[in-house]
1. Among the residues that make up segment 39-56, is at least one of them among the hydroxyl-bearing types (Ser, Thr, Tyr) and either touching a residue at least 60 places away in the same chain (Cβ under 8 Å) or touching a helix residue (DSSP H, G or I) at 6+ places or on another chain (Cβ under 8 Å) (or both)?
2. Just name the residue that is nearest to residue 155 (Cα to Cα) out of those in segment 173-183 that are in contact (Cβ under 8 Å) with a residue 12 or more places away in the chain and either aliphatic (A, V, I, L, M) or open to solvent by 80 Å² or more (accessible area, probe 1.4 Å) (or both).
3. Of the residues that sit in segment 184-203 and are small (Gly, Ala, Ser) and either open to solvent by 90 Å² or more (accessible area, probe 1.4 Å) or assigned to a helix (DSSP H, G or I) (or both), which one is nearest to residue 170 (Cα to Cα)?
4. Within segment 128-176, take every residue that is under 18 Å from residue 61 (Cα atoms) and of a type in the set (D, E, K, R) and give me the one that is nearest to the chain's Cα centre (by Cα).
5. Mind listing just one residue for me: the one in segment 104-143 that is on the phi > 0 side of the Ramachandran plot and in contact with a strand residue (DSSP E or B) (Cβ under 9 Å, 6 or more places away or on another chain) and, of those, least open to solvent (accessible area, probe 1.4 Å)?
6. Evaluate the following for residue 206: is it in contact with an Asp or Glu (Cβ under 9 Å, 6 or more places away or on another chain), over 21 Å from residue 119 (Cβ atoms) and surrounded by fewer than 17 Cβ atoms within 10 Å (Cβ to Cβ)?
7. Just to be sure I understand the filter: pairs with C-beta atoms under 6 Å, separated by 6 or more residues or on different chains, first member in segment 101-112 and modelled with pLDDT of 95 or more, second member basic (Lys, Arg). Which pairs pass?
8. Consider residue 91 against the criteria (1) assigned to a helix (DSSP H, G or I); (2) open to solvent by 70 Å² or more (accessible area, probe 1.4 Å); (3) of a type in the set (A, V, I, L, M, F, W, C): it satisfies all of them except one. Which criterion is unmet?
Amino acid sequence: MPETLLFSIANNITTITFNRPNAMNCFDQTMANELEILTEQVRADDSVRAVLLNGAGKLFMAGGDIQFFNKNLDFMPAGIIKIARTLHASITNLMEMPKPVLASVHGSVAGVGMSFVMACDLAIAAEDTKFTMAYSGIGACVDGGASFNLPRLVGTKKAMEWILLSDIFNAQTALTHGLINWTVPASHLAEETQRILQRLAHGPTQAYARAKRLVNQSWHNSLETHLELEARAFEACSITTDFKSGVTSFLKKTKPEFIGK
C-alpha cells in the first residue's frame with residue numbers, strides 16, 4: 001500500500017489522493033515514486049474511464065518538501081534530478097493518459113501542486129482556495145511542466161507575473177485567467193466534483209482520448225498536419241460502439257448510453 005497516497009477505483013473512476021495532511025501534502029521522493037507507479041497503472045487500465053486527483057486534509061498541496069531541501073542544503077544538487085525526473089514521469093502520465101483527469105482542489109495550491117493542476121484536463125476549486133507558484137520565494141525556478149503549461153493556459157505575460165513574483169491569488173482569479181474551470185462553495189466541492197466525474201465516466205471514452213491527444217499535439221503541428229490527424233481521429237471514432245450509439249440515439253431523440261468502447 002502507498003505511504004503517501006490514497007488510491008481507489010469504483011464505477012470506472014480512479015481517485016488518487018495526496019495523503020500527507022500533517023505535512024500539508026508536500027511532495028517528497030516517496031510520493032514521487034508512488035505517484036509514478038500509480039499513474040502508470042491507471043494510464044494502462046482500460047477499465048478506468050475518468051480520474052480524480054485531490055488532496056486529503058485542509059489543502060490540496062503546499063508544494064515541495066522544504067524540510068528535505070533544508071536538511072540537504074550542503075549536499076545540493078544531490079537528489080534533485082532524481083525527484084524531478086520521477087515527478088515528470090507522473091506529469092507525462094497524467095497529460096498523455098487516454099481518459100480525462102479532473103483536479104479537485106481546496107485550501108491552498110502551491111508550487112508543484114500548481115503543476116499538477118495544470119497537468120489535469122479539467123479543474124474545479126473551492127471558492128476560498130488560494131493559489132501561488134511559490135518557487136521564486138525560495139530562489140528556485142519552476143518544474144513539473146509549469147513553464148510549458150502555464151503560458152499556454154493563461155498567456156505569457158500572466159505566466160511570467162505569477163512565476164516571477166509568486167504572489168498569492170484567489171480562485172476567482174484562477175478562473176478568470178483559465179487555470180481552472182469552475183469554482184464552487186467549499187461545502188459543495190465534493191458533490192460538484194462527483195457530478196463532473198460521473199459525466200466523464202459515462203461519456204465516449206475513446207472520443208475523449210482522441211480529443212485529448214489532438215489538443216495536446218496541436219502546439220507542435222502545422223495546420224496541415226493537424227487537420228490530417230483530426231481526420232484520422234474522427235475515422236477511428238466512427239467504428240466505435242459509442243459512435244454508433246450516439247448517432248442512432250441522436251436520430252431517435254434519446255440519450256445515448258456510452259460504454260467507452
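The values are calculated or read from the model by the stated rules, or taken from the named source; none is laboratory data. Values in this document were obtained by computation on a predicted structure and should not be read as measured data. Glycine gets a Cβ as well: all are built from the backbone with ideal geometry, and neighbour counts include every protein chain shown. Calculation scope for accessible area: heavy atoms of the full protein, side chains included, ligands and nucleic acids excluded. Shrake-Rupley method; radii C 1.70, N 1.55, O 1.52, S 1.80 Å.
1. yes
2. Of everything passing the filter in segment 173-183, 179 is nearest to residue 155 (Cα to Cα).
3. Within segment 184-203, the match that is nearest to residue 170 (Cα to Cα) is 186.
4. Among those that are under 18 Å from residue 61 (Cα atoms) and of a type in the set (D, E, K, R), it is 143.
5. The selected residue is 111.
6. In short, no.
7. Going by the 6 Å Cβ cut-off, the qualifying pairs are 107/58; 108/130.
8. (2)
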